[in-house]
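Peer 1: One structure coming up, written as structure tokens, with questions to follow.
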Amino acid sequence: MADVSAKVVKELRDKTGAGMMDCKKALLENKSDMNLAIEWLRQKGIASAEKKSGRIAAEGSIGSYIHTGSRVGVLLELNCETDFVARGDLFQGLLKDISMQVAACPNVEYVQTGDIPQSVVDKEKSIEMGRDDLAGKPDEIKSRIVEGRIGKRLKELALMEQPFIKDSSMTVAELVKQVAGQIGENVQVRRFTRYTLGEGIEVEKTDFADEVASMQTV
């Protein structure tokens, strides 16, 4: 699939108010046809969602999801602008879908990459800089490789960057924008907590063979 120029992407952004990556995807999906790209963004509700993204979303719901077997559970806060929307089927469906997404992604720890503390970024950079396959490479090349790897790693930690489990052609961020466009309000994932049964509990392991042997010597 051919790439599109930054100039055309910016033109679409100026016309719709949608994000740069959304505009690029719209153009790629529609072979750089501006009118079709605008229609594509509107159908998915992305353009209208971007325009509302700066509005305060203080209402919403806290949802829960318990995975089959009751070994993984999730609590997630999803915000919108009005209590009326929060009670609606579209919003509640989105809340359930994203909660299920968190349950399915054990490596996800943050909502967005911007939420990741600098200390975590620095640690990841230190790990990557020390990898054997970078030994002997010029600093400039090493730096570019490390930056690329860190960017990929940070996306793995961020919920909004994950491919949606029910439709991998879109990310969770794109799903939220799509539903926000349909609802007509700003919708934001605020926070979540994932629980795994037994996590953090140190279980004492008993060597059965040693135990039997010790009993025989008594």
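Peer 1: Under the condition of being surrounded by 11 or more Cβ atoms within 10 Å (Cβ to Cβ) and among the acidic types (Asp, Glu), which residue from the stretch 132-163 is farthest from residue 92 (Cα to Cα)?
Peer 2: Per the stated criteria, the residue is 147.
Peer 1: Being part of a helix (DSSP H, G or I), within 17 Å of residue 109 (Cβ to Cβ) and not basic (Lys, Arg) is the filter here, so list the residues in the stretch 140-168 that pass it. Quick ask: steps written out before the conclusion?
Peer 2: Step one: filter the stretch 140-168 for residues part of a helix (DSSP H, G or I), giving 140-157, 159-161.
Filter once more, keeping what is within 17 Å of residue 109 (Cβ to Cβ): 150-157, 159-161.
Hits for the stretch 140-168 are 150, 151, 154, 156, 157, 159, 160, 161.
Peer 1: Another question, then. Does the stretch 118-132 contain at least one residue that is modelled with pLDDT of 90 or more, within 19 Å of the chain's Cα centre (by Cα) and within 22 Å of residue 176 (Cβ to Cβ)?
Peer 2: The answer is no, given that none of the residues of the stretch 118-132 is modelled with pLDDT of 90 or more, within 19 Å of the chain's Cα centre (by Cα) and within 22 Å of residue 176 (Cβ to Cβ).
Peer 1: Could you list all residues from the stretch 93-129 that are surrounded by 10 or more Cβ atoms within 10 Å (Cβ to Cβ) and part of a loop (DSSP other than H, G, I, E, B)?
Peer 2: Going residue by residue through the stretch 93-129, those that are surrounded by 10 or more Cβ atoms within 10 Å (Cβ to Cβ) are 93-106, 108-113, 115-116, 120-129.
Across the stretch 93-129, the qualifying residues are 105, 106, 108, 109, 111, 112, 116.
Peer 1: For the stretch 191-208, indicate whether the set of residues that are modelled with pLDDT of 80 or more and assigned to a helix (DSSP H, G or I) is non-empty.
Peer 2: Taking every residue of the stretch 191-208 in turn, none turns out to be modelled with pLDDT of 80 or more and assigned to a helix (DSSP H, G or I).
Peer 1: While we're looking at this one, here's another question. For the stretch 17-32, give me each residue that is surrounded by fewer than 24 Cβ atoms within 10 Å (Cβ to Cβ) and assigned to a loop (DSSP other than H, G, I, E, B).
Peer 2: Scanning the stretch 17-32 gives 17, 19, 30, 31, 32.
Peer 1: Moving to a separate point now. Which of the residues belonging to the stretch 71-88 are at pLDDT below 95, surrounded by fewer than 18 Cβ atoms within 10 Å (Cβ to Cβ) and not hydrophobic (A, V, I, L, M, F, W, C)?
Peer 2: Those that are at pLDDT below 95, surrounded by fewer than 18 Cβ atoms within 10 Å (Cβ to Cβ) and not hydrophobic (A, V, I, L, M, F, W, C): 71, 82, 83, 87, 88.
Peer 1: Which condition number does residue 166 fail, the rest of (1) surrounded by 17 or more Cβ atoms within 10 Å (Cβ to Cβ); (2) touching a residue at least 40 places away in the same chain (Cβ under 8 Å) being met?
Peer 2: Only one criterion in (1) surrounded by 17 or more Cβ atoms within 10 Å (Cβ to Cβ); (2) touching a residue at least 40 places away in the same chain (Cβ under 8 Å) is unmet by residue 166, namely (1).
Peer 1: Continuing with this model, one more query. Let me spell it out: the conditions are (1) assigned to a loop (DSSP other than H, G, I, E, B); (2) over 20 Å from residue 64 (Cα atoms), and residue 180 meets all of them except one. Which number is the exception?
Peer 2: The number of the failed condition is (1).
Peer 1: Please enumerate the residues belonging to the stretch 79-107 that are within 14 Å of the chain's Cα centre (by Cα) and farther than 18 Å from residue 167 by Cα.
Peer 2: Listed by number, the residues that qualify are 106, 107.
Peer 1: Here are some residues: 86, 135. Which one is without any contact (Cβ under 8 Å) to a residue 40 or more places away in the chain, over 30 Å from residue 198 (Cβ atoms) and in contact with a Ser or Thr (Cβ under 7 Å, 6 or more places away or on another chain)? Steps first, answer last, please.
Peer 2: Working: 135 fails: in contact with a Ser or Thr (Cβ under 7 Å, 6 or more places away or on another chain).
Of 86, 135, the one residue that is without any contact (Cβ under 8 Å) to a residue 40 or more places away in the chain, over 30 Å from residue 198 (Cβ atoms) and in contact with a Ser or Thr (Cβ under 7 Å, 6 or more places away or on another chain) is 86.
The values are calculated or read from the model by the stated rules, or taken from the named source; none is laboratory data. Keep in mind that this is a model prediction, so the values were computed, not measured. Note that each Cβ is placed from the backbone with ideal geometry, even for glycine, and that neighbours are counted across all protein chains shown.
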